[in-house]
Amino acid sequence: MSNTNTNANANADANTAPITYVRIAEVLIGLGMITREKGESVLADAVGYATEPITHRYDIASTLESFGVAVSIHSDDVDFADAHYEWLLNEAAALAGGQVTIANYRFEKGNPDDEECGLGTMHFECNGKPLSFSIEQESNDYLDMGAAQAAIEALSPDGDAREFRCVVQEGRQLSDDIMVLATAEQREGLRQHLGITFQRPW
């Protein structure tokens, strides 16, 4: 009985401990999302602030990009969105460790003569499978966040329990969307230990 209580208290302490880069590394290693070597490498880069508490849930989710398990969809100006989608897709594909390959990307503008036009369709192949997504952002300075999210979700590796899901944001001021590659069990672990919750797929 005493061992059971000790374990329960240890779990409670872990879940109420301040969330820091060190704590996040421990959680990701425990969930099997990263190796211990990867965690140590990230903490070495963050040595100046690795033990400082991170209080906002969005900031906690944002750190996952540093650990190589997430990619962000920028909500601010990206200059030329039609070209940025290709970069974003390749960044997301790289998280799958070679299981996902992007090829033959092209953006078919709604108005080919207007460089500022963001309307159109992006086409690409994911592991040889042709995919396309309609883009409804009129300005070419900004990404169509919904289309970008759906496109990244389509990159979830076949035969792998991991899939891309978007982190839920809170409040009226929306920031970049954080797309995390994880299994359902890992997402539940992120919720329990770090307070990160996820949207339903597009």
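Please pick out the residue among Gln169, Gln186 that is at negative phi, modelled with pLDDT under 95 and either in contact with a strand residue (DSSP E or B) (Cβ under 8 Å, 6 or more places away or on another chain) or buried (at least 19 other Cβ atoms within 10 Å of the Cβ) (or both).
Going through Gln169, Gln186 in turn, the sole match is Gln169.
Just checking, how many residues over region 172-183 are within 12 Å of the chain's Cα centre (by Cα) and either surrounded by fewer than 20 Cβ atoms within 10 Å (Cβ to Cβ) or over 20 Å from Leu88 (Cα atoms) (or both)?
The number of residues fulfilling the criteria is 1.
In the list Ala96, Ala161, which residue meets the criterion of being open to solvent by 60 Å² or more (accessible area, probe 1.4 Å), closer than 24 Å to Ile34 by Cβ and part of a loop (DSSP other than H, G, I, E, B)?
Exactly one of Ala96, Ala161 is open to solvent by 60 Å² or more (accessible area, probe 1.4 Å), closer than 24 Å to Ile34 by Cβ and part of a loop (DSSP other than H, G, I, E, B), namely Ala161.
Check Tyr142, Tyr58, Tyr85 and return the single one that is hydroxyl-bearing (Ser, Thr, Tyr) and crowded, with 21+ Cβ neighbours inside 10 Å.
Tyr85 is the lone residue from the list that is hydroxyl-bearing (Ser, Thr, Tyr) and crowded, with 21+ Cβ neighbours inside 10 Å.
Listed here are the residues, each with its yes/no results for (1) within 30 Å of Gly30 (Cβ to Cβ); (2) under 17 Å from the mean Cα position of the chain (by Cα); (3) of a type in the set (S, T, N, Q).
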residue: Gly97; (1), (2), (3): yes, yes, no
residue: Ala103; (1), (2), (3): no, no, no
residue: Arg106; (1), (2), (3): no, no, no
residue: Phe124; (1), (2), (3): no, no, no
residue: Gln137; (1), (2), (3): no, no, yes
residue: Met145; (1), (2), (3): no, yes, no
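Taking Ser41 as the residue in question, decide whether it is over 21 Å from Ser175 (Cα atoms), open to solvent by 30 Å² or more (accessible area, probe 1.4 Å), without any contact (Cβ under 8 Å) to a residue 24 or more places away in the chain and touching a strand residue (DSSP E or B) at 6+ places or on another chain (Cβ under 6 Å).
The answer is no for Ser41.
Might you let me know whether region 106-124 holds any residue that is out of contact with any His (no Cβ under 8 Å at 6 or more places or on another chain), under 27 Å from Thr183 (Cα atoms) and not in a strand (DSSP E or B)?
No; the residues of region 106-124 include none that is out of contact with any His (no Cβ under 8 Å at 6 or more places or on another chain), under 27 Å from Thr183 (Cα atoms) and not in a strand (DSSP E or B).
Here are Val27, Val71, Val42, Val47: which of them is of a type in the set (Val, Ile, Thr) and assigned to a loop (DSSP other than H, G, I, E, B)?
Val47
The values are calculated or read from the model by the stated rules, or taken from the named source; none is laboratory data. Bear in mind the structure is a predicted one, so any value in this text is a computation, not a measurement. Reconstructed Cβ throughout: ideal geometry from the backbone, glycine too, with neighbour counts over all protein chains shown. These accessible areas exclude ligands, DNA and RNA; they are computed on the full protein's heavy atoms, side chains included. Shrake-Rupley method; radii C 1.70, N 1.55, O 1.52, S 1.80 Å.
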